[in-house]
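Asker: Got a structure for you, written out below as structure tokens; questions coming shortly.
The values are calculated or read from the model by the stated rules, or taken from the named source; none is laboratory data. Just so we're clear, the structure is a prediction, and the values are computed from it rather than from any experiment. FYI the Cβ positions are ideal-geometry reconstructions off the backbone, even for glycines, and counts take in every protein chain you see. These area figures cover heavy atoms from the full protein model, side chains too; ligands, DNA and RNA do not enter into them. Shrake-Rupley method; radii C 1.70, N 1.55, O 1.52, S 1.80 Å.
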Amino acid sequence: MDSIFKRRMKENHKWFLYMSLIYGGIFVFCMYRNLSGITFPIVIAAALGFSILFLKKADITLQKGTIRYFTGIILLGISTVLTDNGFFHFFNGVGILLLYMMAMVHQLYQDQQWGFTEYVKKFFIFLGTWIISVGDIFHGRDKNKDGKTERSVANETKSAEKTEIQEENNSVDKSQHMWIKSKNVRAVLIGILTAMIMLSVVLPLLMMSDRVFSQIFNRFFSIVNPFRLLEEIDIWNIAGVVLTFLFGMVSLYTFFAGLFRMNLGGTDTKKTGKKNPVTGITFTGIMAAVYVLYSGIQIVVLFLRLDTGLPDGVTYSQYAHEGFWQLLFVSIINFVTVLICANIFEENRSLKILLTVLSICTCIMIISAAYRMILYVNEYNLTFLRVLVLWFLAVLTVIFIGVIYSIYRRNFGLFRYMTVVVSVGYILLSLGRPDALIANYNIENTTEMGEEDLFYLMYGLSDDAAPEIAKIDCTETENIWMIQHLDSYFRMVRGKNDDTSLREWNYSRARAEETARSWIQKNE
């Protein structure tokens, strides 16, 4: 059975449809072949504005907690126009979609009552509901068995007696009029078709018989040439505009059609574990013993650098480079293990202590992995992947703080805590423009830059790095090869960003283009 909000949407079908059409126009103007321009934050702000209007039309008050989600969405939209990195363009869009869905779910549901597993499950249910609601855009108000809406039935019942006599008197005249009208239309169409066929034979003969007549028609067809018009029309471009418009319009309408179904259920109480805790104590006790030993080795050998335990011929640098990915994988496994044990087993003090030990040892492993990566970066410089890994380790450490707290407080909203940590961490990473940071670090910490190092800066990073690359000192004569490569790079940057329209303006690309122009003028 549809909810009251779904019925209101059906009752105001035209209003919701017209507003979706307006948003579709804004969407195609901002987004068509322009996924990272200055119009991206505009279409995001427009989506939030239309969402508020849709909620108000359904008599839903905007809640205070929703503003936090909207703030994150706007920051991600601004971040997109500040960078040229395709990785952030994609994941900013993913983050905006996820935060938007969470914001709208928060508007209609008591999501603070949901546990971790319930939130994930209902999130996918809502995503599926959004998809299957596409057909709702073609339906208006609810209809009865005769195909009439509830309002129209009530109105027709009141006026039935008044119109019955008139309909009987005029039914014959109307049917005759419609028959005559349709007959005339068919006759005109048949006449036009016959004339076109006849002219296709007669016109060439007439043009060959009279030169003046031929010149007149030649001039006419030179101006109105249907074949030339078809050649000048970009069919694929028109199709792209239409599809983009439909995507924006349909997505907004069907999103709220799915949201207003209210099919995610009411408030859910968090389920407490029912399994025998002895199993969990035995399992976590064995794992904790191994992890305590491993963590002790990390503290003594890696952190304190008491090298008496190192194998023969192994240096600290080699030791630190080994085992990074294994530690990262084990940390993720431990994270899942702690969550499962905390949810399926009955509450037990000994189990909580062992899970805490397991979590603390995992944090030590994360710190060990991060320390290994830092030592590796000191020797081999930064790359985008290494920055992502360090960011992930930092976020995972903060998440584990919440996991440890949730072991003792089962009512703690762990999912929402994780959402905040990941969202804030990712927004800071995206706004930080890591490509520029990587270029700056590598240039300052490289005593003698090789060709491979330079190529990574120029072609392994986005245009965010261009202003930093321009700071490379290549005035010495033996670095003539570097000047040639840099010249080719900056000419390429200027060429691809030279014809950017105002709609496509991007801060990073505009700054890179300005840097390229300055570098070329300086070195000409």
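Asker: From largest accessible area down, sort K352, K471; use a 1.4 Å probe on the protein chains.
Answerer: Putting K352, K471 in descending order of accessible area: K471, K352.
Asker: Using a Förster radius of 41 Å, what is the FRET efficiency between L21 and N523 based on their Cβ-Cβ separation? Nearest 0.05, please.
Answerer: So the FRET efficiency works out to roughly 0.20.
Asker: Further question on the same structure: Direction-averaged shadow area of the convex hull around the Cα atoms of segment 366-413, nm²?
Answerer: On the way: hull surface 14.7 nm².
Over every viewing direction, the Cα hull of segment 366-413 projects on average to 3.7 nm².
Asker: When every alpha-carbon pair in segment 393-477 is counted, what percent end up more than 21 Å apart?
Answerer: Taking all Cα-Cα pairs of segment 393-477, the fraction more than 21 Å apart is 51 percent.
Asker: Here is a follow-up. How large is the accessible surface per residue of segment 11-88, computed with a 1.4 Å probe and reported in Å² as a whole number?
Answerer: Result: 45 Å² of accessible area for each residue.
Asker: Could you put Y426, Y489 in order of accessible surface area, largest first, with the 1.4 Å probe and the full protein assembly present? Before the final figure, lay out the partial values.
Answerer: Numbers: Y426 30, Y489 0 Å².
Largest to smallest exposure gives the sequence Y426, Y489.
Asker: What is the extension gain from S209 to I332, computed as 0.36 nm multiplied by their sequence separation minus the C-alpha to C-alpha distance, in nm to one decimal?
Answerer: 35.5 nm
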